[in-house]
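Down below is the structure, laid out as structure tokens.
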Amino acid sequence: MSASNRKSLNQPSNPVTNSPSAPVANAIPSKAFSLFRSEDYSAALDAVKHLGAEHSVLNFRGVCLLRQRKAEAAARLFRSVVLKTGCTWSQAGVSDVYKLNLATALLLMGHPMGCLELLSEVNDKTQPQLVTLKAAIQTWEASLTWWQKLNWKFGGVEPVVNPPIVNQPGSLESCQVKQDQLEQGQQILSAGLPTVASSSSLNTSNVTVL
């Protein structure tokens, strides 16, 4: 890995502990998910500001920041989850979701090389977000001048141009989304309202891209 790429991956992070991820249940309140779905990301962040540094909470905050186009702030959170302290490589057993979210933040910051290096570490190559990021990089590459393409492909020089556009960047873990759906269902049932839950409404894949 080149010095410039190590720098893009290993910037100083916020003083957040690299504690193991706590169980997701009850970690993120349903109010925060509701605000997230309504795209009120500032309020969603405010709804979880009292929570700790569990990985699921940091991921939720980071995705909110990505949706606000605050890529550098999001990257600081994701680095504290993905990278070993003081290192440029991923911690063992880190979820693909976190790697992809850090890769997204790096791409939006204008570091496609760092993004690609993280994408190579993703275990599940069918992840929708991985496919989206690769497509964004291909579109971005096509917009480069001949000289920029030459330096990028053969010299690994990242062009100083606008970063790729990624719509609705960032992913939440499906277990977070499922917990939110279950809480909503419980609230409906406790209110005594008739409801019919379709099988698709509670169906989640390994990663849910929102």
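Every number here is computed from the coordinates shown, using simple stated rules; none is lab data. The shown structure was predicted, so the numbers you read here are calculated from the model rather than taken from an experiment. Here the Cβ positions follow ideal geometry from the backbone for every residue, glycine too, while neighbour counts run over all protein chains shown.
Can you put 161, 82 in order of Cβ neighbours within 10 angstrom, beginning with the fewest?
161, 82
For the residue pairs 84/149; 84/153; 49/99; 125/153; 49/125; 31/125, alpha carbon separations beyond 27 Å are given by 84/149; 84/153; 49/125; 31/125. Under 5 Å between amide hydrogens, built in the peptide plane, is the criterion, and for residue 83 it picks out 91 among residues at least 5 positions away or on other chains. With coordinates expressed along the principal axes, the C-alpha atoms belonging to the range 77-153 extend over 39, 28, 18 Å, beginning with the largest.
Put in line by how crowded their Cβ is, counting other Cβ atoms within 10 Å and starting with the fewest, 158, 117 read 158, 117.
Just order 96-108, 64-76 by mean Cβ neighbour count inside 10 Å, highest at the front, would you? Walk me through the numbers before you get to the answer.
Values: 96-108: 26.9, 64-76: 20.2.
In decreasing order of mean packing, 96-108, 64-76 become 96-108, 64-76.
A simple spin-label model places the labels of residue 116 and residue 147 2.1 nm from each other, with each point 7 Å out along Cα-to-Cβ. Legend: P(r) of the range 28-77 from all alpha carbon pair distances, 10 Å bins from 0, whole percents, reading 29, 60, 10.
Counting other Cβ atoms within 10 Å as a rough exposure proxy, the listed residues 42, 80 run 42, 80 from fewest neighbours to most.
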